Amino acid sequence: MSFPRKKLDMSLLILEERSCAVIERCAKKFYPDWDFNRFEAIQCNAADAEPADGGRYDASYIFHIAGPALDALDAEVPFLFPLERGTHYLWELFTELPKSGGSRSSRQFWNRLSRAMSSIEMPITQDELIEYFEQASLALLERSVDLGDRFYIQELDYGGWNGGIVTKDFLIEGLKMLAAKLKGPGGERKKASAETNTEGGSEDEGVSGQKD
């Protein structure tokens, strides 16, 4: 049984690229200059809402105006909780933050990583996870400043301590955490069984088994 996206906490919903595309499209119908980056920063407590913002960056308001479009997305790509039957995607492993190396901008960067890989179906191998993670990280860090043990990303800097900073320890810890979650029931497929099982039939890949 799937779960309606408009009933979710926004911090969970913005891990998925499809949902974010719907949200941004609906918001810009009312406010052409609506900034998803700022909206996300407010949700992640990396930026403060200003009086001039009105209610347009309020999560409840966004759910209200995007509700019908999110319902349509639910019909096309159901939102499934772990262990529910159906197609599961890699973003489901991103529901927790790495416990070390965090900064004011870590959550927003983590969300971006999740969205970059959110359409990848599970199960996958650990080697595939590492490859996807490296590709997504490099693309997101392309315009960053390498400071040795950390990266500075200007567009994520809304002020405050460590604004715009993503540490290398955070990325290392994050990949380790995802790899550990991938080993849950149905999360990882073995290389040898990617196409067929030992008897020649199709491999039953199961579901994600991700746990919060």
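A few notes on this one:
- Sites matching trypsin sites (Lys or Arg not before Pro) across the stretch 1-101 that sit in DSSP coil, with at most 10 neighbouring C-beta atoms within 10 Å: Arg85, Lys99
- A cut-off of 5 Å between modelled amide H atoms, ignoring neighbours fewer than 5 places along the same chain, links Phe151 with Val166, Thr167, Lys168.
- CD proxy at 222 nm, helix term only [per DSSP H run n ≥ 4: -39500 (n - 2.57); per residue of the chain; nearest 500]: -12500 deg cm²/dmol
- Rounded to whole Hz, the Karplus (6.51, -1.76, 1.60) HN-Hα couplings of the stretch 56-69, x for glycine and proline: 6, 9, 7, 4, 5, 5, 5, 4, 5, 7, 9, x, x, 5
- Each other residue within a Cβ distance under 9 Å of Leu73 adds +1 if Lys or Arg and -1 if Asp or Glu, for a net charge of -1.
- Amide hydrogen proximity for Ser118: with H placed 1.01 Å from N in the peptide plane, the residues at 5 or more positions away or on another chain lying under 5 Å are Glu17.
- From phi via Karplus (6.51, -1.76, 1.60), per-residue ³J(HN,Hα) for the stretch 89-106 in Hz, x at Gly/Pro: 10, 4, 4, 5, 7, 9, 6, 10, 8, x, 8, 9, x, x, 8, 4, 9, 4
- 3J(HN,Hα) from dihedral phi, the stretch 128-143, Karplus parametrisation 6.51/-1.76/1.60, rounded to Hz, x for glycine, proline: 5, 4, 4, 5, 4, 5, 5, 5, 5, 5, 4, 5, 6, 9, 4, 9
- Taking GluC sites (Glu not before Pro) across the stretch 86-188, the ones in a DSSP loop with at most 10 further Cβ atoms lying within 10 angstrom of their Cβ are Glu142.
- Counting charges near Pro32 (Lys, Arg +1; Asp, Glu -1) among other residues having Cβ under 13 Å from its Cβ returns a value of +1.
- Beyond 30 Å, the tail of the calculated P(r) for the chain holds 27 percent of the Cα pairs.
- Relative contact order, percent, the chain [alpha-carbon distance under 8 Å, six or more residues apart]: 24 percent
- Computed over the stretch 5-76: relative contact order in percent, which uses C-alpha pairs under 8 Å that are six or more apart: 43 percent
- Charged side chains reduced to their Cβ positions (Lys and Arg at +1, Asp and Glu at -1) give the chain a dipole of some 340 debye around its Cα centre.
- Pairs of alpha carbons in the stretch 88-191 whose separation is greater than 16 Å (percent): 55 percent
- Charge sum, other residues only, whose C-beta stays under 11 Å from Pro98's C-beta, Lys/Arg counted +1 and Asp/Glu -1: 0
- Viscosity 0.692 mPa s, temperature 37 °C, Stokes-Einstein D of the stretch 5-76 from Kirkwood C-alpha radius, µm²/s: 267 µm²/s
- Neighbour cut-off at most 11 other Cβ (10 Å), DSSP loop, chymotrypsin sites (Phe, Trp or Tyr not before Pro), the stretch 135-188: Trp161
FYI, it's all coordinate maths here, none of it is from the lab. This structure is a prediction, so every number in the text was calculated from the model and none was measured. Counting neighbours? That spans all protein chains shown, and the Cβs are built from the backbone with ideal geometry, glycine included.
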